[in-house]
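> Provided herewith is a single structure, encoded as structure tokens, for subsequent inquiry.
The values are calculated or read from the model by the stated rules, or taken from the named source; none is laboratory data. None of the values given here were measured: they were computed from a predicted structure. Cβ placement follows ideal geometry from the backbone for every residue including glycine, while neighbour counts extend to all protein chains displayed. The accessibility values were calculated without ligands, DNA or RNA, using every heavy atom of the protein model including side chains. Shrake-Rupley method; radii C 1.70, N 1.55, O 1.52, S 1.80 Å.
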Amino acid sequence: MREIHINEIINSLEKLFIDANINLSQSVLECFERSIEKEESPAGKEVFRELIKNATIAKEEKIPICQDTGLAVTFIEIGQDVHITGGNFIDSINEGVRRAYKKGYLRKSCCDPFSRKNTGDNTPAIIHTKVVPGDHIKITVMPKGGGSENYGEVRMLVPSQGWEGVKSFVLEMVNRGGPNPCPPIIVGVGIGGNFETSALLSKEALMEPLGKRNDDAAIGALETELLEAINRTGIGPQGYGGTVTALDVHIKMMPCHIASLPVAVNIQCHAHRIKEAIL
Amino acid sequence: MEELKHINTPVDEKTIKELKAGEKVFLSGYIFTARDAAHKRFIDTLNEGKELPIDIRNQVIYYCGPSPAPPGKPIGSCGPTTSSRMDTYAPKLLSLGLKGMIGKGKRSQAVKDAIKQYRAVYFGATGGAGALLSKSVISSTIIAYEELGPEAVVRLEVRNMPLFVINDIYGNDLYEMGILKYRR
């Protein structure tokens, strides 16, 4: 049994959320660079140039890439041989978020659903936990903006709709969003499980590295098929028209009920902010 | 890109006539931020027969809720938010002389019609490029609704703010033009 004090969790979350919001990952930047070449529209190319400049300025000036610093989404894997000491685990996550959003001058975007009153410190965080073998804690943070999140959906398809049904649902979501979710987008597709796990799978799909195809080659081929179809919509960077509407598409799949075909689409904007740490 | 086009606020009729969907422009002068909550208050104020806290004639509203300004900077990251949430409020403001709106994403037919009728323009700022856009801001002053935090109405002095014309007075829409051109 390994002991991990909550202070380590708090400090890690504080650092990760500030880092994620200010420093765009190299992999996303490289994807922008490649996309300038791929993009056919002059306005689309100009958008990519602006995004690269934006990432550079954010890093130099230590200000967020995007003013929508998101809801604080966290995925935490807890080794089963870890004993968390010093206080309440959930409270420690929220404390880390609270400190990050204050110290990092990040926007607090969390409010009451009806009164719209801001909670003031960007808590509560969205917390997903998983117990895994080992004696470490792995923390992944993904501040997620509202603009892109608004264009996702869970739909219970009829099994006979199959892959064609899934594909047309994803394209419907992409076309419905058009310029609004800040393309170039990344599309996470969760297939199977039940109502809520399909949604979670679609979010987890967004955490896959850009350019990586699914380990299952058949699913990988479907990802490629979807990516190509999305890039034929013509929406383009910022919706100004173009050939790079999505940077990537990831599918996560698991078995489902014999009566169901749950599918979730979660859309991510180009401000693809993910950072992780292992304690 | 073609030759750089510079425009200023307050926006005059000559400028409005020259703006065409699809072109990139650089905006300088004073603009006002307002998003969901501020728009709701604007319309409530007008419905009560009272005056708006700002004179919007020939002005430009930026749909933006910036991140907090770090010490020594006029503003934090300040990209646009999705404009469609302001669609129900925009035609009324355009009828009162508002000349420009800056945001991201599609507008309703009612807004596009009002842009033509009242001779105004809708600009797109690059969503998610909040750090880049912050470099265009020289100063910021809270004008109204300070209690709304990131949703307060703030007057921004901007220099060479990079924008694309999305909807012009001729009924053109860059989003529609772009898709038609590049759809395969």
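> Select, from A:Ala229, A:Ala259, the only residue that is touching a residue at least 12 places away in the same chain (Cβ under 8 Å), outside any strand (DSSP E or B) and either open to solvent by 60 Å² or more (accessible area, probe 1.4 Å) or within 22 Å of A:Thr74 (Cα to Cα) (or both).
Going through A:Ala229, A:Ala259 in turn, just one is touching a residue at least 12 places away in the same chain (Cβ under 8 Å), outside any strand (DSSP E or B) and either open to solvent by 60 Å² or more (accessible area, probe 1.4 Å) or within 22 Å of A:Thr74 (Cα to Cα) (or both): A:Ala259.
> Strands (runs of 3 or more DSSP E) wholly in region B:75-184 with at least 1 residues that are at pLDDT 95 or above and farther than 22 Å from B:Asp55 by Cβ - which ones?
B:121-124, B:153-167
> Now for a separate question. Assess whether A:Glu276 counts as being assigned to a strand (DSSP E or B), open to solvent by 10 Å² or more (accessible area, probe 1.4 Å) and within 23 Å of A:Met142 (Cβ to Cβ).
yes
> Determine, yes or no, whether B:Ser67 is open to solvent by less than 30 Å² (accessible area, probe 1.4 Å) and over 24 Å from B:Leu19 (Cβ atoms).
Spelling it out, B:Ser67 is indeed open to solvent by less than 30 Å² (accessible area, probe 1.4 Å) and over 24 Å from B:Leu19 (Cβ atoms).
> On to the next question. Check region B:81-88 and report whether any residue there is more than 9 Å from chain A (Cβ to nearest Cβ), under 20 Å from B:Leu27 (Cβ atoms), open to solvent by 50 Å² or more (accessible area, probe 1.4 Å) and over 14 Å from the mean Cα position of the chain (by Cα).
No.
> Do the conditions hold for A:Ile219, that is, is it of a type outside the set (Ser, Thr, Tyr), farther than 24 Å from A:Phe48 by Cβ, touching a helix residue (DSSP H, G or I) at 6+ places or on another chain (Cβ under 9 Å) and away from chain B (no Cβ under 14 Å)?
In short, no.
> Among the residues of region A:54-71, is there at least one that is more than 11 Å from chain B (Cβ to nearest Cβ), crowded, with 16+ Cβ neighbours inside 10 Å, touching a Cys at 6+ places or on another chain (Cβ under 8 Å) and not acidic (Asp, Glu)?
Looking through region A:54-71, at least one residue is more than 11 Å from chain B (Cβ to nearest Cβ), crowded, with 16+ Cβ neighbours inside 10 Å, touching a Cys at 6+ places or on another chain (Cβ under 8 Å) and not acidic (Asp, Glu).
> So which of B:Tyr145, B:Tyr118, B:Tyr62, B:Tyr89 ends up being closer than 19 Å to B:Phe164 by Cα and of a type outside the set (Asp, Glu)?
Among B:Tyr145, B:Tyr118, B:Tyr62, B:Tyr89, only B:Tyr62 is closer than 19 Å to B:Phe164 by Cα and of a type outside the set (Asp, Glu).
> Okay, moving on. Being free of Cβ contacts under 8 Å to residues at least 12 places away in the same chain and not charged (D, E, K, R) is the filter here; which residues of region A:20-65 pass it?
Answer for region A:20-65, where residues must be free of Cβ contacts under 8 Å to residues at least 12 places away in the same chain and not charged (D, E, K, R): A:Gln26, A:Pro42, A:Asn54, A:Thr56, A:Ile57.
> Follow-up. Let me confirm something: among B:Gly29, B:Gly76, B:Gly22, which residue is closer than 26 Å to A:Asn21 by Cα and either of a type outside the set (A, V, I, L, M) or open to solvent by less than 40 Å² (accessible area, probe 1.4 Å) (or both)?
Answer to the check: B:Gly76.
> Moving on to the next point. How many residues does region B:32-64 contain that are open to solvent by 20 Å² or more (accessible area, probe 1.4 Å), in contact (Cβ under 8 Å) with a residue 60 or more places away in the chain, of a type in the set (A, V, I, L, M, F, W, C) and assigned to a helix (DSSP H, G or I)?
Number of matching residues: 1.
> Continuing with this model, one more query. Considering region B:169-184 alone, what residues qualify as being surrounded by 23 or more Cβ atoms within 10 Å (Cβ to Cβ) and among the aliphatic types (A, V, I, L, M)?
Across region B:169-184, the qualifying residue is only B:Leu174.
> With the requirement that a residue be surrounded by fewer than 18 Cβ atoms within 10 Å (Cβ to Cβ) and part of a loop (DSSP other than H, G, I, E, B), what does region A:214-224 give you?
Of everything in region A:214-224, those that are surrounded by fewer than 18 Cβ atoms within 10 Å (Cβ to Cβ) and part of a loop (DSSP other than H, G, I, E, B) turn out to be A:Asp215, A:Asp216.
> A follow-up question, please. Restricting attention to region A:106-119, does a residue exist that is within 19 Å of A:Thr140 (Cα to Cα) and at pLDDT 95 or above?
Checked against the condition, which is being within 19 Å of A:Thr140 (Cα to Cα) and at pLDDT 95 or above, region A:106-119 yields at least one hit.
> Give region A:48-79 a look and list any residue that's more than 25 Å from A:Pro183 (Cβ to Cβ) and in contact with an Asp or Glu (Cβ under 8 Å, 6 or more places away or on another chain), or say none.
A:Gly79
> If I ask for residues that are within 14 Å of the chain's Cα centre (by Cα) and either within 13 Å of another protein chain (Cβ to nearest Cβ) or of a type in the set (Asp, Glu) (or both), which ones from region B:103-122 would you list?
B:Gly103, B:Lys104, B:Gly105, B:Lys106, B:Arg107, B:Tyr122
> Considering only region B:57-80, state which residues are of a type in the set (Ser, Thr, Tyr) and more than 10 Å from chain A (Cβ to nearest Cβ).
B:Tyr62, B:Tyr63
> How do the strands (runs of 3 or more DSSP E) wholly within region A:123-211 filter down when requiring 2 or more residues that are among the hydrophobic types (A, V, I, L, M, F, W, C) and open to solvent by 60 Å² or more (accessible area, probe 1.4 Å): which remain?
Qualifying strands (runs of 3 or more DSSP E): A:126-132.
> Looking at region B:144-168, which of the residues that are more than 7 Å from chain A (Cβ to nearest Cβ) and surrounded by fewer than 18 Cβ atoms within 10 Å (Cβ to Cβ) is nearest to B:Tyr30 (Cα to Cα)?
Applying the filter and picking the extreme gives B:Glu157.
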